[in-house]
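What follows is a set of notes on a single structure, which appears directly below.
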Amino acid sequence: MDVKAVREQFPILHQEVNGHPLVYLDSSATSQKPVQVIEKLDEYYRGYNSNVHRGVHTLGTKATDEYEGAREKVRRFINASSTQEVIFTRGTTTAINTVAASYGRANLSEGDEVVITQMEHHSNIIPWQQIVKETGAELKYIPMQPDGTVRLEDAEATITEKTKIVAMMHVSNVLGTINPVKEVAEIAHRKGAVMLVDGAQSVPHMSIDVQDLDADFYAFSGHKMCGPTGIGVLYGKKALLNKMEPVEFGGEMIDFVNLYDSTWKELPWKFEGGTPIIAGAVGLGAAIDFLTDIGLDNIRKHEEKLAAYAVQEMNKIDDMKIFGPEHRAGLVTFNLGDVHPHDLATVLDAEGVAVRAGHHCAQPLMRWLNVSATARASFYLYNTEEDIDRLVAGLQTTKEYFGDVF
Ligand SMILES: Cc1ncc(COP(=O)(O)O)c(C=O)c1O
């Protein structure tokens, strides 16, 4: 992978921030966008902006072709068996909420269990908290190992015959843990539960085959994979989606509307009420073309190398505490002595280095780690070892600045 050539495709990276060339290490929050995606959005709005599935006019037909073409690109990208299994949503959060509100509400009752882990993002905790409160089911957590991994024997022990839904992140946005979701799906299925995977941090960085994983539901966001904000995907097995009720009602998703009841369109449109996220989907299609051309395996290898280099260099700094397992995805979450992560991120920002600080939408995990917040540097295909050198230099500056807290 020619990283220099990749970087050329990202206009935003070629700027100075606070008098320094920008080093962007916050791609887990949202990735930057290549010129191919920016131009695709421009082409859409200049050339054929129109509502889809409605008119017979030329612009409407072109917009519909592009929108549905993007769905086919998503289908191929994750190897779903049909475009009927690809529902466009606003992002991972909306996708998980859709499953909780539709499948959860219809299939949970007192005595049933939903099983998750303590490393989940809030968007894979709160929808389940809410739906178990409503249905009388119980929320259970698979325990974690001290290094932030989950053992299959613990999954086996926590998931029981009462479990109806298992929901687990594929890759942790804090620890970088890569969870054994395929094996956990097998356990879930054996005990009669369905498996939802939060793929927000996996789909952008590794090749995903939903059929091989045998996930029943798989959720992800376009903006973390070089696509626009406001678009995401809920993959679901057709047999399950067919039985599920929509959660949003209105235009676009109906077949017949009578005075007192209505019927729904077939999949996937019954889950896409209202004017859909047309520009977002078209932009996501361009992002998928871009990532596919570079190759997800190349991206993953590049990020693994960067993460290993970052851990090696950061560990040379005294008082550095790095969280998460040895085998990690392309991000490093850390604290430096007693410096508050927000202060640390502020000093780094003054050096032109953008990192994240806070609870990363994972407060239960912060409590498990026994910290209130952490800093996080996350990498993507456009980052280099020089970026990490700049991070490490910035951390040294932070140490000098806050010398008295060590
Ligand atoms: C693991 C994980 N799940 C879910 C989400 C939520 O994604 P979105 O805000 O795009 O809905 C994120 C975003 O940071 C995430 O990292």
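Output the 0 to 90 degree angle, nearest 10, between the alpha-carbon long axis of helix 58-78 and the longest principal axis computed from the alpha carbons of the chain. With both axes taken from Cα atoms, the answer is about 60 degrees.
Within straight-line reach of Lys238, meaning a Cα separation under 16 Å, sit the following lysines at least 8 residues removed in sequence or on another chain: Lys265, Lys270. The residues neighbouring Gly251, those whose beta-carbon lies less than 15 Å from its own, together hold a net charge of -1 under the Lys/Arg +1, Asp/Glu -1 convention. Summarising the strand pairing of the chain, around 55 percent of its internal DSSP beta bridges are antiparallel. Averaging Cα coordinates gives a centre for the range 277-316 and one for the range 45-72; these two points are 29 Å apart. Phi angles across the range 196-206 convert, under the Karplus curve 6.51 cos²θ - 1.76 cosθ + 1.60 with θ = phi - 60°, into 3J(HN,Hα) values of 9, 10, 8, x, 4, 9, 9, 3, x, 10, 8 Hz, Gly and Pro given as x.
Gain on full extension, evaluated as 0.36 nm per residue between Glu110 and Gln396 minus their Cα-Cα distance, stands at 97.5 nm. In the context of the full set of protein chains, residues of the range 295-405 present 44 Å² of accessible surface per residue (probe radius 1.4 Å, heavy atoms only).
Dipole of the chain computed with +1 at Lys/Arg Cβ and -1 at Asp/Glu Cβ about the Cα centre; of Pro268, Leu291, Val311, farthest Cα towards the positive end is Pro268. Remark: the Cα gyration tensor places the range 80-223 in the rounded category, a/c being less than 1.5.
Residue order by solvent-accessible surface for Asp338, Asp112, Asp255 is Asp338, Asp255, Asp112, largest first, with ligands and nucleic acids left out and a 1.4 Å probe.
Shape analysis of the chain places it in the oblate category; the axes a ≥ b ≥ c from the Cα gyration tensor give an a/c of at least 1.5, with a/b not above b/c.
Compared with the alpha-carbon gap, the fully stretched path from Arg46 to Lys321 is longer by 94.0 nm at 0.36 nm per residue. Think of each Lys and Arg Cβ as +1 and each Asp and Glu Cβ as -1; about the Cα centre, that makes the dipole of the range 244-333 roughly 360 debye.
Per-residue ellipticity at 222 nm from helix content only, as computed over the chain with -39500 (n - 2.57) for each DSSP H run of at least four residues, stands at -11000 deg cm²/dmol. Placing Arg151, Arg328, Arg105, Arg76 in order of accessible area, with the largest value first and a 1.4 Å probe, yields Arg76, Arg105, Arg151, Arg328.
A simple spin-label model places pseudo-atoms 7 Å from Cα toward Cβ; at Val371 and Glu134 they are separated by 3.5 nm. Taking a point 7 Å out from the Cα of Asp289 in the direction of its Cβ, the residues of the range 71-100 whose backbone N falls within less than 16 Å of it are 71-77. For the pair His340 and Lys301, the difference between a 0.36 nm per residue extended length and the Cα-Cα distance amounts to 10.8 nm. FRET efficiency for the Asp261 to Ser82 pair, using the beta carbon distance and R₀ = 30 Å, is estimated at 0.60. Give me a comma-separated list of calculated 3J(HN,Hα) values for the range 244-256, in order, Karplus coefficients 6.51, -1.76, 1.60 applied at θ = phi - 60°, integers in Hz, x for any Gly or Pro. Values per residue, Gly and Pro as x: 8, 7, x, 10, 10, 10, x, x, 6, 9, 9, 9, 10 Hz. The residues neighbouring Val194, those whose beta-carbon lies less than 13 Å from its own, together hold a net charge of 0 under the Lys/Arg +1, Asp/Glu -1 convention.
Measuring nothing but protein heavy atoms, the accessible surface of the chain at 1.4 Å probe radius is 49 percent carbon and sulfur.
If R0 is taken as 25 Å, the Cβ-Cβ distance between Tyr309 and Asn18 corresponds to a FRET efficiency of 0.50. For the range 227-232, 3J(HN,Hα) computed residue by residue from phi via the Karplus equation (6.51, -1.76, 1.60; θ = phi - 60°) reads x, x, 6, x, 10, x Hz, glycine and proline entered as x. Across the chain, C-alpha contacts under 8 Å between residues 6 or more apart give a mean separation that, scaled by the residue count, equals a relative contact order of 22 percent.
Summing Cβ point charges (Lys, Arg +1; Asp, Glu -1) relative to the Cα centre of the chain gives a dipole of roughly 700 debye. Calculated accessible area for the range 38-293 comes out at 40 Å² per residue, all protein chains present (probe 1.4 Å; ligands, DNA, RNA ignored).
Working ranking of peptides 277-283, 346-352, 17-23, 371-377 by packing, defined as the average number of other Cβ atoms within 10 Å per residue, highest first, is 277-283, 371-377, 346-352, 17-23.
Amide H contacts under 5 Å for Gln9: none, restricted to partners 5 or more places along the chain or on a different chain, H placed in the peptide plane at 1.01 Å from N.
The values are calculated or read from the model by the stated rules, or taken from the named source; none is laboratory data. Note that the structure is predicted; figures quoted are calculated from it, not measured. Neighbour counts are summed over all protein chains in view; Cβ atoms, including those assigned to glycine, are modelled from backbone coordinates with ideal geometry. When the accessible area is computed, the model is the full protein with side chains, heavy atoms only, and any ligands, DNA or RNA have been set aside. Shrake-Rupley method; radii C 1.70, N 1.55, O 1.52, S 1.80 Å.
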